[in-house]
Amino acid sequence: AQTIHQWPVAEIKAVGSPLSLGCTIKGKSSPNLYWYWQATGGTLQQLFYSITVGQVESVVQLNLSASRPKDDQFILSTEKLLLSHSGFYLCAWSLGTGQLYFGEGSKLTVL
Amino acid sequence: SQWGEENLQALSIQEGEDVTMNCSYKTYTTVVHWYRQDSGRGPALIILIRSNEREKRSGRLRATLDTSSQSSSLSITAAQCEDTAVYFCATDWGGGSNYKLTFGKGTLLTVTP
């Protein structure tokens, strides 16, 4: 069975500090991977997607970056957090067209 | 209905009632996804309807798609308390892929006993 694991579950960070969020997908070969951001009470905003290892496409510019170092791993990071980065970060995978399978998310609070 | 600059909508109904949520989209899409999100959790797909389908059913759920009016609806029959969640529609902007899946603003459905 396919599983998707996000870490950490929650983080409280200071403005200006670095951030790294991770996502691992097990049980699927060469999935499409996605990062979404969700403000409290808001919709999901797609940030990045990746179709293959080493290739990541940015959808919106939010002073964040993403990398896919392995087929089953997707990393979201920034060197300097802003207050506006607070929210819920969701990793998802899919195979071609069809549904997205989301992880349980990482809650980020920037103070 | 969802989309555009509207804030998260809220609907409150009693158990046993039927409810319909609407979604309008701005450009051609090959598919409309409907997801539900429970508080503090990731969204989960509940129904997916493609542009060549007018209606799709899954248990108490029914989705419709009208490509001429660029709108979709999700209906829940005889709602139960456990249907309380946020419901999102999402479209692929006609690219035929999930690479850029765009979500609507969402509808918070509360079902009370």
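So the values come out like this:
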{"quantity": "Identity of the residue in region B:78-113, of a type in the set (S, T, N, Q), under 14 Å from the mean Cα position of the chain (by Cα) and within 14 Å of chain A (Cβ to nearest Cβ), that ends up farthest from residue A:43 (Cα to Cα)", "calculated": "B:91"}
{"quantity": "Per-region count, region B:12-35, residues assigned to a strand (DSSP E or B) and either within 13 Å of residue B:49 (Cβ to Cβ) or without any contact (Cβ under 8 Å) to a residue 12 or more places away in the chain (or both)", "calculated": "6"}
{"quantity": "Failed item in (1) more than 8 Å from every other protein chain (Cβ to nearest Cβ); (2) closer than 21 Å to residue A:93 by Cα; (3) more than 10 Å from the chain's Cα centre (by Cα); (4) open to solvent by less than 40 Å² (accessible area, probe 1.4 Å), with residue B:38 passing the rest", "calculated": "(4)"}
{"quantity": "Number of the exception - residue A:77 against (1) hydroxyl-bearing (Ser, Thr, Tyr); (2) under 20 Å from residue B:99 (Cβ atoms); (3) open to solvent by 20 Å² or more (accessible area, probe 1.4 Å)", "calculated": "(2)"}
{"quantity": "Residue A:47 crowded, with 20+ Cβ neighbours inside 10 Å and either more than 27 Å from residue B:85 (Cβ to Cβ) or acidic (Asp, Glu) (or both)", "calculated": "no"}
{"quantity": "Unmet criterion (only one of (1) touching a strand residue (DSSP E or B) at 6+ places or on another chain (Cβ under 7 Å); (2) surrounded by fewer than 21 Cβ atoms within 10 Å (Cβ to Cβ)) for residue A:61", "calculated": "(1)"}
{"quantity": "Residues of region A:80-111 that turn out to be within 14 Å of another protein chain (Cβ to nearest Cβ), hydroxyl-bearing (Ser, Thr, Tyr) and surrounded by fewer than 18 Cβ atoms within 10 Å (Cβ to Cβ), as a count", "calculated": "2"}
{"quantity": "Every residue from region B:68-82 that is open to solvent by less than 20 Å² (accessible area, probe 1.4 Å) and of a type in the set (A, V, I, L, M, F, W, C)", "calculated": "B:74, B:76, B:79"}
{"quantity": "The listed residue being part of a strand (DSSP E or B), of a type outside the set (Phe, Trp, Tyr) and more than 14 Å from chain A (Cβ to nearest Cβ), out of B:75, B:68", "calculated": "B:75"}
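The values are calculated or read from the model by the stated rules, or taken from the named source; none is laboratory data. All figures in this text were calculated on a predicted structure; none of them were measured in a lab. Here the Cβ is made from the backbone with ideal geometry for all residues, glycine too, and neighbour counts use every protein chain on show. Remember, those area values only see protein heavy atoms, side chains included, never the ligands or the DNA or RNA. Shrake-Rupley method; radii C 1.70, N 1.55, O 1.52, S 1.80 Å.
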